[in-house]
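The next block holds one structure in the form of structure tokens; read it before the comments.
The values are calculated or read from the model by the stated rules, or taken from the named source; none is laboratory data. Please read all numbers here as calculations on a predicted model, not as lab measurements. Virtual Cβ from ideal backbone geometry, glycine too; neighbours counted across all protein chains shown.
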Protein chains: 4
Amino acid sequence: MDHEMKDSETTTTAETPPSSRDQILDAAARIFGAKGYDGTSVRQIAAELGISAPALYHHFLSKEELFCATHERGLRIISALTATAAATMDASDPWDKLEAAAVAHCEALLCTEGYRTIISPQFPDVSDDVRARLVQQRDSYETIIKRLISELNLPAHIDPFIFRMQLLGSLNWTTAWFQADGSLDPTTIARRTVRQLRDGIHPPHASHVPPRQENDHV
Amino acid sequence: MDHEMKDSETTTTAETPPSSRDQILDAAARIFGAKGYDGTSVRQIAAELGISAPALYHHFLSKEELFCATHERGLRIISALTATAAATMDASDPWDKLEAAAVAHCEALLCTEGYRTIISPQFPDVSDDVRARLVQQRDSYETIIKRLISELNLPAHIDPFIFRMQLLGSLNWTTAWFQADGSLDPTTIARRTVRQLRDGIHPPHASHVPPRQENDHV
Amino acid sequence: MDHEMKDSETTTTAETPPSSRDQILDAAARIFGAKGYDGTSVRQIAAELGISAPALYHHFLSKEELFCATHERGLRIISALTATAAATMDASDPWDKLEAAAVAHCEALLCTEGYRTIISPQFPDVSDDVRARLVQQRDSYETIIKRLISELNLPAHIDPFIFRMQLLGSLNWTTAWFQADGSLDPTTIARRTVRQLRDGIHPPHASHVPPRQENDHV
Amino acid sequence: MDHEMKDSETTTTAETPPSSRDQILDAAARIFGAKGYDGTSVRQIAAELGISAPALYHHFLSKEELFCATHERGLRIISALTATAAATMDASDPWDKLEAAAVAHCEALLCTEGYRTIISPQFPDVSDDVRARLVQQRDSYETIIKRLISELNLPAHIDPFIFRMQLLGSLNWTTAWFQADGSLDPTTIARRTVRQLRDGIHPPHASHVPPRQENDHV
DNA sequence: AATGAATGAGGTTTCATTCAT
DNA sequence: CATGAATGAAACCTCATTCAT
């Protein structure tokens with residue numbers, strides 16, 4: 001179909017090869033994200049790129065490998081955005097840093113067209129080898145969140161693992177219901193999610209320090 | 001050929017024969033749940049049942065219809081468990097009722113072998129007709145949760161819709177990480193999820209009433 | 001679907017068995033005629049009758065046999081109509097008799113809803129046994145036409161076999177283009193067909209005797 | 001992937017390679033012609049070609065499209081032969097031209113092994129889109145015949161439409177009874193068919209002009 | 001690096017038919 | 001007689017993948 005729009009527009013400087021790896025991954029993310037691993041055919045991805053299916057095999061050994069690379073790129077992007085957002089809040093309140101990270105995570109999920117549903121509660125039915133790499137990629141990303149949470153110095157009665165799962169669960173599930181109709185933007189969603197986990201139904205404070213426990217219910 | 005059936009008959013009196021249809025749905029739930037819609041073949045489901053693939057078409061018009069029926073049954077089961085659990089807490093604190101419902105929801109998700117990942121953030125790529133029915137089924141279930149939440153009389157600064165999404169997101173995402181190794185049981189997960197949403201990092205109360213705040217416009 | 005409209009309305013007197021053989025054949029003719037042998041499933045025929053597919057096997061050994069019986073009934077009906085029409089013109093001009101027969105044939109083809117495309121230039125891919133019977137049925141019918149033609153005392157330069165094939169070809173092919181919109185009725189079609197074969201582009205005569213040959217081109 | 005091709009290239013210069021596409025269409029015509037659309041499986045066609053069934057889908061999007069292309073090629077061949085034959089009789093008697101065209105039509109039908117029963121009184125049960133294209137193809141061919149007939153200047157009492165249908169019906173129905181046993185060759189059949197339509201049972205003339213009649217409004 | 005052609009495996013679905021009830 | 005359930009065969013078609021060009 002559109003054989004002619006191959007190169008340009010992705011990289012910056014000059015002598016970029018025509019169909020770059022990142023372009024392929026972006027297209028793959030778009031379709032994998034929209035239809036899932038099993039619902040996506042390599043031909044669809046090739047068609048989206050305007051190349052033939054076998055051409056993909058010059059870049060990736062198999063569909064599994066392509067998915068793995070897409071997944072990796074997706075998480076790498078989110079990681080970068082999240083870490084950067086948290087770092088910008090440097091030296092401030094750790095809750096602010098977590099909130100900034102959550103906003104970045106949520107925006108990456110809901111705004112970038114492609115990399116949203118790569119994040120799925122269920123890995124596709126791939127070989128053990130590839131699955132292990134997917135798990136590792138996800139874990140690698142979660143380390144960032146884990147570190148931010150550890151800096152919160154959560155009170156002892158809060159299990160940081162469950163806390164992290166609740167945060168990620170709430171954020172990741174937004175892909176199930178988010179509508180880009182302006183009624184509710186990713187930033188608001190992410191902020192409220194973090195604050196809900198911090199304050200519950202208590203009203204937020206000016207200072208984010210939770211009320212001291214001894215006078216808690218006076 | 002009961003391609004269309006209404007409700008009831010799930011837990012009627014007692015020694016109903018396995019009804020064949022329910023057997024099929026249970027097997028379908030098991031495999032759809034494990035591999036997703038696109039990753040599941042009707043042959044696999046038939047094999048699980050020890051029948052031939054065309055035999056399935058005696059009971060369901062198509063794979064889509066089979067999935068739809070499975071989804072419906074899954075949500076019906078969860079609905080029944082959830083509603084029953086909440087009703088058992090009759091006349092008590094509405095937070096207790098919500099907690100009981102969450103526990104039931106989480107147990108249904110993580111313990112019943114089959115119906116867990118029918119619940120997915122993404123509907124499969126089915127016809128518009130079937131998709132509409134899936135949406136309706138999900139909405140019908142969420143109505144139960146919605147009602148329980150409305151009874152909480154949440155303070156005005158909490159958006160009940162986001163609150164519901166956070167609850168369901170946290171609970172549903174458990175399928176992504178839950179390991180049935182005894183370290184963390186569904187009941188604990190569900191309880192902590194509800195309490196986190198209620199108290200944040202504040203310590204729990206004997207009475208569930210949150211401490212009054214000067215700007216809490218009661 | 002319409003399980004309840006089974007009996008009545010076909011036969012005249014009284015104690016007719018519920019689903020009669022002729023009713024089945026009429027339904028079969030309708031669908032075979034509309035979709036061809038291969039395009040018709042026994043279930044479609046059963047559905048048209050409001051019975052189950054296996055029920056058909058109580059009346060007919062196989063789909064082939066059902067088709068054969070339908071074909072036979074179709075030809076029998078046309079034979080009867082044709083012979084009767086010709087006999088009504090008893091003792092008159094043999095061309096009138098042929099014309100009457102052609103009209104009957106054409107009406108049977110184009111007006112009876114069912115038995116039209118049973119008449120096809122190609123027999124379906126059935127067993128040799130059944131095919132032989134189909135051929136025999138067709139031949140049996142054509143005998144009637146053959147006899148009517150032999151009574152014409154065609155001039156020697158006309159091959160009666162080709163003449164017959166032209167007549168039947170013209171008439172049978174009407175199913176390919178006939179539109180029941182009133183612009184052209186079966187009677188007219190049949191009459192003109194016969195007259196064309198008799199007169200060519202010469203104008204018809206008051207008496208049907210062709211012009212004598214010696215003054216033919218004076 | 002030339003799923004769409006226009007015209008020409010059928011008989012261009014000379015040593016064109018068999019073009020693969022035409023080879024497929026010839027095989028398809030052979031089998032479609034012998035068993036009908038519904039009676040033919042793509043596997044049979046592929047087997048005839050010595051390739052696998054999916055390989056066909058490299059050249060044609062579906063069985064319907066394959067049939068449509070076959071039908072088109074068949075009519076294109078017959079059109080070419082017919083038009084050529086009529087043109088060869090250039091400037092002569094229009095009846096001679098029609099006769100030449102009929103002979104070509106009949107030979108194409110009965111001699112070319114494949115493209116005979118593509119011509120059927122009944123279109124197969126295909127999608128509306130494809131059916132429309134089949135109708136258009138047939139109409140396109142009939143235009144040639146229509147033009148030849150209009151040049152006959154038929155007397156007013158002959159309806160040229162019915163005349164055309166009778167001619168085509170007679171010729172096309174030959175596939176139902178023709179036996180290649182030498183007793184009757186396509187040329188003879190076609191010639192007699194045209195002459196019968198012209199002269200009826202009158203003897204043929206040296207000049208083809210019919211005897212003038214008093215009410216023949218010339 | 002890229003493609004057109006091809007393929008084996010397997011997808012969903014329909015078919016004619018059988019059989020216990 | 002009639003049916004619901006079942007089945008083996010086969011239908012059309014898509015898939016990921018390979019390979020000569």
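Listing for the model above:
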item: Of residues in the range D:165-206 being assigned to a loop (DSSP other than H, G, I, E, B) and touching a residue at least 24 places away in the same chain (Cβ under 8 Å), the one farthest from the other protein chains (Cβ to nearest Cβ); result: D:Ala180
item: Residue in the range D:45-61 that is more than 16 Å from DNA strand E (Cβ to nearest atom), among the hydrophobic types (A, V, I, L, M, F, W, C) and out of contact with any strand residue (DSSP E or B) (no Cβ under 8 Å at 6 or more places or on another chain) present; result: no
item: Selection within the range B:61-82 - under 22 Å from B:Leu171 (Cβ atoms) and of a type in the set (Asp, Glu); result: B:Glu72
item: Positions within the range A:61-89 being touching a helix residue (DSSP H, G or I) at 6+ places or on another chain (Cβ under 8 Å) and not in a helix (DSSP H, G or I), in sequence order; result: A:Met89
item: Search result, residues across the range C:23-49 that are in contact with a Lys or Arg (Cβ under 6 Å, 6 or more places away or on another chain) and away from DNA strand F (no atom under 13 Å from the Cβ); result: C:Leu25, C:Gly33
item: Residue tally, condition within 11 Å of chain B (Cβ to nearest Cβ), over 16 Å from A:Ala86 (Cβ atoms) and within 17 Å of the chain's Cα centre (by Cα), over the range A:125-158; result: 3
item: Hits in the range D:50-69 (condition: surrounded by 17 or more Cβ atoms within 10 Å (Cβ to Cβ), away from every other protein chain (no Cβ under 14 Å) and within 10 Å of DNA strand F (Cβ to nearest atom)); result: D:Leu56, D:Phe60, D:Glu65, D:Leu66
item: Test: residue in the range D:99-111 that is part of a helix (DSSP H, G or I), in contact with an Asp or Glu (Cβ under 8 Å, 6 or more places away or on another chain) and within 27 Å of C:Arg195 (Cβ to Cβ); result: no
item: Subset of the range A:127-164 that is in a loop (DSSP other than H, G, I, E, B) and touching a helix residue (DSSP H, G or I) at 6+ places or on another chain (Cβ under 9 Å) - its residue that is nearest to A:Phe60 (Cα to Cα); result: A:Ser127
item: Inter-residue pairs, beta-carbon under 7 Å, first away from every other protein chain (no Cβ under 14 Å) and in the range A:20-40, second among the hydroxyl-bearing types (Ser, Thr, Tyr) and assigned to a helix (DSSP H, G or I), 6+ apart; result: A:Leu25/A:Thr70; A:Ala28/A:Thr70; A:Ala29/A:Thr70
item: Which numbered condition C:Met5 misses (of (1) modelled with pLDDT under 90; (2) within 11 Å of DNA strand F (Cβ to nearest atom); (3) of a type in the set (A, V, I, L, M)); result: (2)
item: Residue satisfying condition, being farther than 14 Å from A:Gln23 by Cα and more than 23 Å from the chain's Cα centre (by Cα), within set A:Leu75, A:Leu61, A:Leu56, A:Leu81; result: A:Leu61
item: The range C:35-50, residues that are hydroxyl-bearing (Ser, Thr, Tyr) and either in a helix (DSSP H, G or I) or over 21 Å from the mean Cα position of the chain (by Cα) (or both); result: C:Ser41
item: Unique residue being touching a Ser or Thr at 6+ places or on another chain (Cβ under 6 Å), more than 16 Å from DNA strand E (Cβ to nearest atom) and modelled with pLDDT under 95 when the list is D:Arg116, D:Arg76; result: D:Arg116
